[in-house]
Amino acid sequence: MHSGFINLDKFLARHDHFIISTHESPDGDGLGAEIAFNELLHKLGKESYILNSDPLPDKYHFMDIDNEIHVFRNARTIPFGAGPAAVVVLDTNDFQNIGSAYQHLRDIVSEIFIIDHHEGGNDKFESNFIKAEASSASEIVYGLYGYYRQVPSFKAAQAMYTGILFDTGSFRYPKTTPETFRIIANLVELGANPFTIYEHIYENNSLNSFRLKSMVLSTMEVHHDGGLIIMRLTPQMIEETGASFSEGELMINIPLTIEGVIASVLIKQDINGPVKVSMRTKGDYDVAEIAIVNGGGGHKNAAGYKSKLGIEDTHRKALADMEKFFIKS
C-alpha cells in the first residue's frame, strides 16, 4: 500500500474543514481532481470548499455541475471565517503555485496536504500523497474512492475522466498504463461519456482562440535541423484577440505532431502574469530535470517553470537549456 493513504488518513483525522485548491491557470486534471476530491470529503462527513486563484476556463464549465468552484477575489472569499484552515493542494507539489490566493491563505493555514503526480518535491513525499508514476492527480483521487469504499457519482466520474483524458494527452503519454484503462472503463460505467467530454475539451474552442493560435504559430522558430520548435504566447496576443491564456497554452503540443520534431518549447505570459516556460519532448528526453533546476517541475516529457527573466532572456535561456538534447556524441 502506498504510504500516501496512511498520510491522508492522519491528515483527515486532524481536521473537519478543508479548503481545496489547484495550480494557477487550472487545467482539466487539476479541476477534475478538485471536484472529485470535494465530493469524497463530503461523503466522509467533512466540510470542504474549492477555492482557485483563476477562473474556470469556459471549456470546463460542464464539469462544475453544482457551481462548486469558487474564485479568490479578496480575503472575504476565504471560507470558515478567519480561523486556521487545513488546505489540500491538488496537481502541484508547491503550495505557492496556487497563485494569488496563496498570499492570503499562507497566513491562516494550520496544515497543508499535497496530492500530486509530478516529479520533484522529493522532500514532500514522506508526509503527503505524491505518486509520480500515476498518470494524473485524478487517477490518484480515483484510488482514494476505492480506499475509503465510496462510489463516485456521475459528477465525480465525469470530472476524473476529464482529468485523466487531459493529462494523458488522450491516453498516449508514457504514464498511461493498463490500470489507467481499467479506471477509465469504470468511470464510463458510472456515466462518463467519452465523446461528450472530448467534444467539450477539444472541439469547443472559440473563434478568438483560433486567432490566438494563428498568432502563436507565427512566432515559430525551428532549431537543430527541425528537431526543436520554440514559440511565444504574449500578453499582447491575448489582449488583441480576446482569447484566454489557457487556450493559448495548449499550443505547446502542436509541434510534436510534425515528423522529426522531438522537442517543443512555449515561452508564455498571461496579462499581468509572470513569464513561464513549457517544455514537451518525445522519447528519452527528460525536461523535468530542466524544470526542477529552474524551480519548477512536471514529468519526464512534459514540464515547466516560472522564469525570473523577461521574455527575451527567457527565450535565450530556454534554447540553451534544451541544446543538450541535440549534442551529437
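Residue pairs whose Cβ atoms lie under 9 Å apart, separated by 6 or more positions or on different chains, with the first residue in the range 286-314 and hydroxyl-bearing (Ser, Thr, Tyr) and the second surrounded by 16 or more Cβ atoms within 10 Å (Cβ to Cβ) and in a loop (DSSP other than H, G, I, E, B), are TYR305/ASN294; TYR305/GLY296; SER307/ASN294; THR314/SER307. Of all residues in the range 121-155, those that are buried (at least 24 other Cβ atoms within 10 Å of the Cβ) and either outside any loop (DSSP other than H, G, I, E, B) or modelled with pLDDT under 95 (or both) total 8.
Conditions tested, residue by residue: (1) free of Cβ contacts under 8 Å to residues at least 40 places away in the same chain; (2) closer than 24 Å to LEU8 by Cα; (3) not polar (S, T, N, Q).
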position	(1), (2), (3)
TYR142	no, yes, yes
GLY146	yes, yes, yes
SER153	no, yes, no
PRO194	yes, no, yes
GLU199	yes, no, yes
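Could you pull out every one of the strands (runs of 3 or more DSSP E) wholly within the range 1-120 that has 1 or more residues that are within 21 Å of GLY297 (Cβ to Cβ) and over 13 Å from the mean Cα position of the chain (by Cα)? Filter on the range 1-120 gives 17-22, 85-90, 109-116. Taking the conditions (1) touching a Leu at 6+ places or on another chain (Cβ under 8 Å); (2) crowded, with 18+ Cβ neighbours inside 10 Å; (3) not aliphatic (A, V, I, L, M) in turn, HIS23 satisfies each one other than (1).
Go through the range 222-242 and give me each residue that's over 25 Å from LYS282 (Cβ atoms) and either of a type in the set (Gly, Ala, Ser) or free of Cβ contacts under 8 Å to residues at least 12 places away in the same chain (or both).
Filtering the range 222-242 for residues over 25 Å from LYS282 (Cβ atoms) gives 234-242.
Of everything in the range 222-242, those that are over 25 Å from LYS282 (Cβ atoms) and either of a type in the set (Gly, Ala, Ser) or free of Cβ contacts under 8 Å to residues at least 12 places away in the same chain (or both) turn out to be GLN236, GLY242.
May I ask you to list pairs of residues, at least six apart or on different chains, whose Cβ atoms are under 9 Å apart, with the first in the range 1-24 being more than 17 Å from VAL87 (Cβ to Cβ) and the second being part of a strand (DSSP E or B)? Every condition considered, the pairs that remain are HIS2/PHE129; SER3/PHE129; PHE5/PHE129.
Got at least one residue in the range 253-260 being over 25 Å from ARG172 (Cα atoms), touching a residue at least 24 places away in the same chain (Cβ under 8 Å) and either outside the structural domain of THR176 (by TED's automatic domain parsing) or not β-branched (Val, Ile, Thr) (or both)?
The first filter runs over the range 253-260 and keeps only residues over 25 Å from ARG172 (Cα atoms), leaving none.
No, the conditions are met nowhere in the range 253-260.
Pairs linking a residue in the range 206-221 that is free of Cβ contacts under 8 Å to residues at least 60 places away in the same chain to a residue that is assigned to a loop (DSSP other than H, G, I, E, B), with Cβ atoms under 6 Å and 6 or more positions apart or on different chains, are ASN208/GLY242; ASN208/ALA243; SER209/ALA243; LEU212/ALA243. Annotation: of all residues in the range 92-111 being buried (at least 19 other Cβ atoms within 10 Å of the Cβ) and in contact with a Leu (Cβ under 9 Å, 6 or more places away or on another chain), the one that is farthest from LYS10 (Cα to Cα) is ALA101.
The values are calculated or read from the model by the stated rules, or taken from the named source; none is laboratory data. In this text the structure is predicted, and so the values were computed from the model without any measurement. Note that each Cβ is placed from the backbone with ideal geometry, even for glycine, and that neighbours are counted across all protein chains shown.
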